[in-house]
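Worksheet for the structure shown next.
Taken together, the values in this text are just the output of simple stated rules run on the coordinates, not laboratory data. Nothing here was measured: the structure is a model prediction, and the numbers come from that model. Ideal geometry is used to build each Cβ from the backbone, glycine not excepted, and the neighbour counts take in all protein chains shown.
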Amino acid sequence: MPIMTPSTIERPIIPTADDHRVARHAAAAIVLTVAEAAIPLPLPGVKPGLANIVTLVVLARWGWREAVWVALLRVFVGSLVLGQFLAPGFFLSLAGSLASLAVLGAAMHLPKRWFGPVSHSVLAAFAHIGGQLLIARLWLVPHDGVFYLVPVFALAATVFGLVNGLVAARLLEAELAPPPGGRA
Amino acid sequence: MSALVALRQWLAAWARHLRVGDGLVLAAALAFCVGSALSLWQGGRPDKAIIKAGGKVFAEVDLAVPRVVEVPGPLGSTRIEVQPGRARVAADPGPRQYCVRQGWLTSAGAVAICAPNQVSLALSGRNADYDSLNY
């Protein structure tokens, strides 16, 4: 019998433990995205971004690649669930996420002694508004008027970046120090 | 009192997660907020005063140096005073003195019109905040 290379069709896809972990974290992030969509907000574009807490925790515990998986799955599935897929909001969200993931990839190499999840969170939040504003300026609102709102977005990024970072730091602490009798 | 202590403990529990660099990042973020608000929202700082008489531009005065301009009109002479960053109609022969009472004009787009003497004073800047002739 000739030696045959295994066809991709016949090869069964067996999810690894990593896949399961990514799926679990992405699911948590999607739940937060959907829950957050129910919160009425005064200005489009200003959102707490609670799902980013999950991204931060995954980044700190499992690394950048896994954080990218979780964040992008969250953007795609979250927009599908909310009926926003391929709508302008989806592209804003995608641009913001890509920008903040790029910044997180650099920020995670900052010395850990001085820079914790709060730094990562605030920097990522600023990258997020940066990416969004870039798309908005180039495509949705081709006028410099969009930059009029920069101070509002920056303040929101600072506040929500701080809050999300603190929550992520606390979750990480709880996860890394398993309580006696509790699940790890 | 105990509520205050509880609040302080609660805040301290959160602040424990802040590291030195986090404080720096937060300070930089706040500085960016303030800086962007100051530079983007100040809008309309005027740099030039445009004086018109009888519908024609009589003079365009730089707002950097103080000076006084006398503008002739059908009723007499209107005196316009310019100081760094602002300008006003100091005296006008018109009967109702609206343009004089407007006082100092400080933002780009602001206009004082002395209709009887057909003299107007307008401030212009890079980006005018508003157009005071639009109602």
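No solvent, one uniform scatterer per C-alpha: report log10 I(q)/I(0) for the stretch B:30-71 via the Debye equation at q = 0.19 1/Å, two decimals. Ignoring solvent entirely, the Cα scatterers give -0.67. In order along the stretch B:109-114, the Karplus-derived 3J(HN,Hα) couplings, from 6.51 cos²θ - 1.76 cosθ + 1.60 at θ = phi - 60°, round to x, 6, 9, 10, 10, 9 Hz, and Gly and Pro are given as x. Would you mind checking the tilt of helix A:17-37 against the longest principal axis of the Cα atoms of chain A, expressed as 0 to 90 degrees and rounded to 10? Taking the Cα atoms of chain A, the angle to A:17-37 is about 30 degrees. Amide H to amide H, with H built 1.01 Å from N, residue B:63 comes under 5 Å of B:48, B:49, counting only residues 5 or more places away or on other chains.
Residue separation of residue A:134 and residue A:39 scaled by 0.36 nm, minus their Cα-Cα distance, works out to 31.7 nm of gained length. For the residues of A:122-129, the average number of beta carbons from a partner chain within 10 Å of their own beta carbon is 2. A simple rule links phi to the HN-Hα coupling: the Karplus curve 6.51 cos²θ - 1.76 cosθ + 1.60 with θ = phi - 60°, which for the stretch A:147-153 gives 6, 4, 8, 3, x, 5, 4 Hz, with x for Gly and Pro. By how many degrees, between 0 and 90 and to the nearest 10, does the Cα long axis of helix B:2-15 differ from the longest principal axis of chain B? On a 0 to 90 degree scale, this one is about 90. By the compact-protein rule of thumb, 2.2 N^0.38 Å, the alpha-carbon radius of gyration of the protein assembly as shown corresponds to a ratio of 1.51. Would you mind computing, in nm to one decimal, how far apart the modelled labels at residue A:61 and residue B:48 are, each placed 7 Å from Cα along Cα→Cβ? So the label points at residue A:61 and residue B:48 sit 6.3 nm apart. Within the shell defined by Cβ-Cβ distances under 12 Å, the residues around residue A:51 carry a net charge of +1, with Lys and Arg each +1 and Asp and Glu each -1.
Ranked from highest to lowest mean number of other Cβ atoms within 10 Å per residue, what is the order of the peptides A:145-156, A:78-89, A:47-58? Please list the in-between numbers first.
On the way: A:145-156: 17.8, A:78-89: 14.7, A:47-58: 24.4.
Highest mean packing first, the order is A:47-58, A:145-156, A:78-89.
Can you tell me the relative contact order of chain A? Whole percent, Cα pairs under 8 Å, sequence separation 6 or more. Computed value for chain A: 22 percent relative contact order. The Cys residues in the protein assembly as shown with no partner Cys Cβ within less than 4.7 Å of their Cβ are B:33. For chain B, the relative contact order comes to 22 percent (Cα pairs under 8 Å, sequence separation of at least 6).
How tilted is helix B:20-41 with respect to the longest principal axis of chain B? Cα atoms for both, answer in degrees (0 to 90, nearest 10). In chain B, helix B:20-41 runs at an angle near 20 degrees to the longest axis.
Projected over every direction and averaged, the convex hull enclosing the alpha-carbon atoms of the stretch A:47-109 yields 4.0 nm². Over chain A, the ratio between the Cα radius of gyration and 2.2 N^0.38 Å evaluates to 1.17.
Basic side chains Lys and Arg get +1 at the Cβ, acidic Asp and Glu get -1 at the Cβ, and with that the dipole of chain A about its Cα centre reaches some 260 debye. Across the alpha-carbon atoms of chain B, the computed radius of gyration and Dmax are 24.8, 77 angstrom.
Using the Cβ-Cβ distance between residue B:16 and residue A:81 with R0 set to 41 Å, the FRET efficiency works out to roughly 0.70. Arranged from fewest to most other beta-carbon atoms within 10 Å of their beta carbon, B:78, A:16 become A:16, B:78.
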